[in-house]
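> Dropping the structure in here first, questions after.
Nothing in this text is a laboratory measurement; each read-out follows from the coordinates by a stated rule. Since this is a predicted model, take the numbers as computed values, not measurements. Note that each Cβ is placed from the backbone with ideal geometry, even for glycine, and that neighbours are counted across all protein chains shown.
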Amino acid sequence: MNTIASLCEELKQKRKPRVGRLDKPVAFWSEPDRFNDEIINAFVIILKTKGCSWASESGCSMCGYFNDSAFVDISDDDLLSQFNTAMQSYRDEPVVKIFTSGSFFDTNEISKNVRDKIFTDLSDKTKKTAVESRPEYIKKEILDELAVSLSTMLLEVGIGLESSNDDIREKHVNKGFTFQEYKDSSKLLKSYNHLIKTYVLVKPPFLSEQQAIKDCINTIEQVKDITDTISLNPTNVQKGTLVQYLWNRRYYRPPWLWSVIEILRQGSSITKKRLQCDVAGGGSIRGAHNCKNCDKLALNTIRHFSLSQNPNDLDNIECNCKKQWEDQLSLEQISFGSLIDMQRGLIP
């Protein structure tokens, strides 16, 4: 096990599994989304599961979703009860997104029985269902089984690639799979006419702001002919992670929202595929942020572009802190940190 993997594993030792009621989902809600070039509402369900198998080994350097995992076996009846509880609030949204702490195709997390019943139920209700999986669980036998329950419903599978650079993915993220494995699993999904969403991490640990922007642009270039949707995930500081360990010691700052906007601007000129971003924890010191004067406007700008896909929407924001972001890009090779954070008095 490499050094970063060992540290990720060590930091999780203090985790406290959230067992609680295993028959109730973590959360569910309806939110605006884009489908077939139209803005619609999508229904989102977060299921409480045993947890990500990779997180049980060592896990990714930025991912704290294990904090919502039970880390105990959850029965099929309880998982289906979670799904049915959430679906009581379903209001005929054409898209349903189902998230877990790990992979929907990992049979140690979601059994074939649960998977089949969920897809069979949704195939009569929705136009598209979106799930997530690591590449190692995307197998021909599973996709063959799905063909029976999907009917005419579209299936979108999200893969957390994070970066097309194998060195960054291994030594900065501890992702546990290669770019080639991502490409192979994507090719398999395409052979079944399934849709692919690729998650790209904005600013993994140990990258400067400028390096992070360049890595995202390079990754968009590398995956544009493979995926149907590219979703930027700006790193936020989650409990029990390597990122929090660095952040507590002032060795890490979450990305600037200016960086996210710049990646979206450059990315939209590279690909015509859907390019989007959902900024978790945006505007807070633990999430992607600019300054208190423009955080809200920056987040609204990113959100609006993600729905409209119009690059001109990215130009509707100006703030004095943009110059400080530009200065940081120029100076960060000889200095570290964010002047705007110190001005806000928010450095931990």
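> Under a no-solvent Debye model with one identical scatterer per Cα of the chain, what's log10 I(q)/I(0) at q = 0.07 Å⁻¹?
One equal scatterer on each Cα of the chain leads to -0.29.
> What share of all Cα pairs of the stretch 193-292, in percent, falls into each consecutive 10 Å distance bin?
Per 10 Å bin, starting at zero, the Cα-Cα P(r) for the stretch 193-292 comes out as 16, 47, 28, 8, 0 percent.
> Now, a different point. Spin-label point model (7 Å from Cα, Cβ direction): what's the residue 210 to residue 141 distance in nm?
5.1
> At q = 0.10, 0.14, 0.15 Å⁻¹, what log₁₀ I(q)/I(0) does a Debye calculation on the Cα points of the stretch 1-139 give, no solvent, two decimals?
Taken in order of the listed q values, log10 I(q)/I(0) reads -0.36, -0.68, -0.77.
> If you don't mind, another one. What lysines could a cross-link reach from residue 112, if we take a straight Cα to Cα line under 17 Å and drop same-chain neighbours fewer than 8 places away?
Partners within reach: 48, 50, 139, 140.
> For residue 269 and residue 292, what does the FRET efficiency come to when R0 = 41 Å and r is the distance between their Cβ atoms, rounded to the nearest 0.05?
0.85
> Next question, about the same structure. I need the peptides 35-41, 128-134 ranked by packing, meaning the mean over residues of other C-beta atoms within 10 angstrom, with the highest value on top.
In decreasing order of mean packing, 35-41, 128-134 become 128-134, 35-41.
> Once the Cβ-Cβ distance between residue 149 and residue 9 is put in as r, and R0 is 51 Å, what FRET efficiency do you end up with, to the nearest 0.05?
FRET efficiency, residue 149 to residue 9: 0.90.
> Mean residue ellipticity at 222 nm from the helices of the chain, using -39,500 (n - 2.57) per DSSP H segment of n ≥ 4 over the full residue count, to the nearest 500 deg cm²/dmol?
Calculated mean residue ellipticity at 222 nm is -11000 deg cm²/dmol.
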